[in-house]
């Protein structure tokens with residue numbers, strides 16, 4: 001009985017350490033958007049936390065069990081597009097998607113967003129004088145252009 005208890009205790013200590021040593025996040029990149037106006041598309045794997053002043057966010061979560069699923073608050077309305085895709089909209093909306101594979105499309109004004117992970121990103125400004133700024137992998141913030149697309153990872157420009 002003592003051996004079984006000792007074995008169970010060792011397994012209980014080793015499994016969390018092994019999970020922390022998992023190299024899945026080694027090549028993750030980062031994206032930060034401040035006060036963005038326009039459209040932001042992220043198709044990737046990782047985590048996104050964001051908010052906007054006015055607009056809509058569409059989140060596709062194709063695999064139920066691989067993350068938190070979409071968490072949205074402050075929305076005035078929502079519409080299911082399919083079994084895996086929903087759009088939420090309104091003023092003062094906050095959203096997050098942590099873990100797993102997803103596609104997020106934000107069409108809004110006053111977007112503040114952070115993404116950590118890997119994937120493909122497209123940012124399209126609204127065409128106004130000040131469409132906000134974005135930063136990739138901790139670089140200096142750059143004004144949002146009419147359109148920019150890039151793969152995001154730790155080695156992205």
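The values are calculated or read from the model by the stated rules, or taken from the named source; none is laboratory data. From a predicted model like this one, the values you see are computed outputs, not experimental measurements. Cβ atoms come from the backbone with ideal geometry, glycine included; neighbour counts cover every protein chain shown.
Across the stretch 45-67, the number of residues qualifying as surrounded by 13 or more Cβ atoms within 10 Å (Cβ to Cβ) and in a loop (DSSP other than H, G, I, E, B) comes to 3. What about residue 85, is it within 16 Å of the chain's Cα centre (by Cα), over 22 Å from residue 36 (Cα atoms) and either buried (at least 18 other Cβ atoms within 10 Å of the Cβ) or modelled with pLDDT of 95 or more (or both)? So residue 85 fits the description; yes. Checking each residue in the stretch 72-87 for being assigned to a strand (DSSP E or B) and under 16 Å from residue 112 (Cα atoms) picks out 72, 73. If you check 100, 90, which single one turns out to be surrounded by 15 or more Cβ atoms within 10 Å (Cβ to Cβ), at positive phi and modelled with pLDDT under 95? 100 is the lone residue from the list that is surrounded by 15 or more Cβ atoms within 10 Å (Cβ to Cβ), at positive phi and modelled with pLDDT under 95. Scan the stretch 109-118 residue by residue and report those that are buried (at least 20 other Cβ atoms within 10 Å of the Cβ) and either closer than 17 Å to residue 35 by Cα or modelled with pLDDT under 95 (or both). Once the filter is applied, which keeps residues that are buried (at least 20 other Cβ atoms within 10 Å of the Cβ) and either closer than 17 Å to residue 35 by Cα or modelled with pLDDT under 95 (or both), the stretch 109-118 yields 111, 113, 115.
From the list 26, 49, 40, the lone residue that is in contact (Cβ under 8 Å) with a residue 60 or more places away in the chain, over 11 Å from residue 106 (Cα atoms) and under 15 Å from the mean Cα position of the chain (by Cα) is 49. Among the residues examined, residue 106 does not qualify as under 24 Å from residue 45 (Cβ atoms) and surrounded by fewer than 19 Cβ atoms within 10 Å (Cβ to Cβ). Residue count for the stretch 119-150 under the criterion of being surrounded by 14 or more Cβ atoms within 10 Å (Cβ to Cβ) and either in contact with a helix residue (DSSP H, G or I) (Cβ under 7 Å, 6 or more places away or on another chain) or not in a loop (DSSP other than H, G, I, E, B) (or both): the result is 12.
Using the structure shown, decide if residue 39 is over 29 Å from residue 142 (Cα atoms), touching a strand residue (DSSP E or B) at 6+ places or on another chain (Cβ under 6 Å) and not in a loop (DSSP other than H, G, I, E, B). In short, no.
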